[in-house]
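Structure record follows, encoded as structure tokens.
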Amino acid sequence: MTQTDATPPARLSPGDVAPDFTLPTDDGGEVSLADLRGRRVIVYFYPAAMTPGCTKQACDFSDSLESLRSAGYEVVGISPDKPAKLARFRERDGLGITLASDEDRSVMTAYGAFGEKKLYGKVVQGVIRSTVVVNEDGTVEVAQYNVKATGHVAKLRRDLGLETSAS
């Protein structure tokens, strides 16, 4: 099935098999969904490192990382940025989450997180801020598209039945 420019990206739904991926990370390594099998994984897609909204979202995930991990979740943030820029992002903001680079946007496309979107009233091609929670077996548990950068982590925690306080 081919996708034309006018076709919105295919979105994932709960129960779908999450597309596997292996991507380079900011630290020179790789992250692979297959290597995380057996754990629940929050995969979130964001447009650009070091922009205000993406920084807020990455900091929120980093601030929640300990409690998310204690509840059995890993967090992987994916953007089209090069690994070197992601390394500067981690360093600048003290991020603890895994940052992965999808320069050709193939993983974003497979997850329905790249395609047509509205930006300031215009239709453009770009990264659709999205979060997909993958369960231990590699099946989509939650798929959220066009999420807001601010407040998203708190909302996701509520959706997953996790307490929202950091205590």
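The values are calculated or read from the model by the stated rules, or taken from the named source; none is laboratory data. No experiment lies behind these values; they were computed from the predicted model shown. Because the Cβ atoms are built from the backbone with ideal geometry, glycine has one as well, and the counts that use them run over all protein chains shown.
Structure notes:
- Residues in the stretch 100-145 that are at positive phi and either hydroxyl-bearing (Ser, Thr, Tyr) or in contact with a Pro (Cβ under 6 Å, 6 or more places away or on another chain) (or both): 105, 112, 115, 120.
- Checked against the criterion of being under 13 Å from the mean Cα position of the chain (by Cα), in a helix (DSSP H, G or I) and either surrounded by fewer than 17 Cβ atoms within 10 Å (Cβ to Cβ) or not charged (D, E, K, R) (or both), the candidates 58, 49 yield just one match: 58.
- Residue within the stretch 85-103 that is without any contact (Cβ under 8 Å) to a residue 60 or more places away in the chain, out of contact with any His (no Cβ under 9 Å at 6 or more places or on another chain), buried (at least 18 other Cβ atoms within 10 Å of the Cβ) and more than 19 Å from residue 136 (Cα to Cα) present: yes
- Checked against the criterion of being of a type in the set (Val, Ile, Thr) and either closer than 26 Å to residue 69 by Cβ or in contact with a helix residue (DSSP H, G or I) (Cβ under 9 Å, 6 or more places away or on another chain) (or both), the candidates 123, 107 yield just one match: 107.
- Applying the set (1) modelled with pLDDT of 95 or more; (2) more than 16 Å from residue 15 (Cβ to Cβ); (3) of a type outside the set (Val, Ile, Thr); (4) more than 14 Å from the chain's Cα centre (by Cα) to residue 130 leaves exactly one unmet item: (4).
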